[in-house]
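The values are calculated or read from the model by the stated rules, or taken from the named source; none is laboratory data. This one's a predicted model, so the numbers in the text were calculated from it and none came from an experiment. Positions of Cβ are generated from backbone atoms using ideal geometry, with glycine treated the same way; all protein chains shown enter the neighbour counts. Just the protein is used for accessible areas: all its heavy atoms, side chains included, with ligands, DNA and RNA removed. Shrake-Rupley method; radii C 1.70, N 1.55, O 1.52, S 1.80 Å.
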Amino acid sequence: MENFAAIDFETANRERSSICSVGIVIVKDGKIVDKIYRLIRPCPNYYSYWNTQVHGLVFDDTAHAPAFPEVWKEIAPRIDGLPLVAHNSPFDEGCLKAAFQIYHMEYPGYTFHCTCRASRRTFGKKLPNHQLQTVALQCGYDLQQHHHALCDAEACAQIALAIL
């Protein structure tokens with residue numbers, strides 16, 4: 001796969017619609033051509049202890065950030081026509097669909113590909129697990145800031161370039 005957008009969401013709480021950050025890496029002709037990172041005011045707008053433990057974001061980080069529709073208005077034209085790639089795509093696709101639903105936006109039917117599933121097919125039992133950082137390292141990418149949306153999207157892009 002040479003043209004795609006790798007995407008990663010972080011959420012503020014257990015609700016999939018509570019996107020608090022997004023990272024996107026756009027790949028064209030097998031080369032990274034654009035990177036996008038945005039903080040988003042989550043909906044519902046509260047942070048659970050466990051989510052903050054994972055990604056480090058707190059209420060004050062996104063209190064004045066734009067809501068999802070405003071951020072997506074900027075992102076949508078930049079990924080238009082590209083398939084989306086995520087590591088554990090059911091989570092990220094679920095977040096995207098939940099945000100579209102909660103804001104009463106028409107979902108455009110993005111096509112998702114999953115690097116986690118691709119890793120299981122490609123590496124099988126050769127890896128101790130198929131977590132993002134493990135697969136990224138197997139593909140030659142050292143993920144330094146796991147659970148930072150842009151860093152995770154970059155790792156996903158590198159995996160996709162290697163095995164999709």
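The table for this structure:
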read-out	value
Surface per residue (accessible, 1.4 Å probe) for the range 72-120, Å²	50
The range 58-164 - percent relative contact order, Cα under 8 Å, separation 6 or more	24
Most to least packed among 104-111, 144-151, 6-13 [average Cβ atoms within 10 Å]	6-13, 144-151, 104-111
Neighbour net charge for Glu74 - beta-carbon separation under 15 angstrom, K R +1, D E -1	+2
DSSP bridge orientation in the chain - percent antiparallel, rounded to nearest 5	75
Carbon/sulfur fraction of accessible area - the chain, other protein chains in place, 1.4 Å, %	49
Mean residue ellipticity (222 nm) of the chain, computed from DSSP H runs ≥ 4 via -39,500 (n - 2.57), nearest 500	-12000 deg cm²/dmol
Rounded tilt (10° steps) of 68-79 against the dominant C-alpha axis of the chain	30
Rounded tilt (10° steps) of 89-102 against the dominant C-alpha axis of the chain	20
[x] 9.0; [y] 10.4; [z] 9.4, with the label sought being that of the calculated mean projected area of the Cα convex hull in nm²	[x]
Linear extension gain, Lys31 paired with His64, 0.36 nm per residue minus alpha-carbon span	8.5 nm
Accessible surface, per residue, of the range 1-58 when the full set of protein chains is kept, probe 1.4 Å, Å²	47
Between the range 81-104 and the range 138-160, the Cα center-to-center distance that results, in Å	18
Segment Gln131-Asn45, length gained on full extension (0.36 nm per residue, minus Cα span)	28.1 nm
In sequence order, calculated HN-Hα J values of the range 148-162 (Karplus, 6.51, -1.76, 1.60; Hz; x Gly/Pro)	9, 3, 6, 4, 5, 5, 5, 4, 4, 4, 5, 5, 4, 5, 7
Sequence ranges 47-56, 152-161, 67-76, 121-130, ranked by mean other-Cβ count within 10 angstrom, highest first	152-161, 67-76, 47-56, 121-130
Farthest toward positive dipole pole in the chain [+1 Lys/Arg, -1 Asp/Glu at C-beta], among Gln133, Ile24, Phe9	Gln133
The range 1-40: relative contact order as a whole-number percent, Cα under 8 Å and 6+ apart	39
Residue-count net charge about Gln158 - beta-carbon cut-off 14 Å; Lys, Arg +1, Asp, Glu -1	-3
Nearest-20 debye value, the chain charge dipole, Cβ charges on Lys, Arg, Asp, Glu	540
Furthest towards positive pole of dipole, Val71, Ala157, Tyr49, structure part the range 46-164, Cβ charges	Ala157
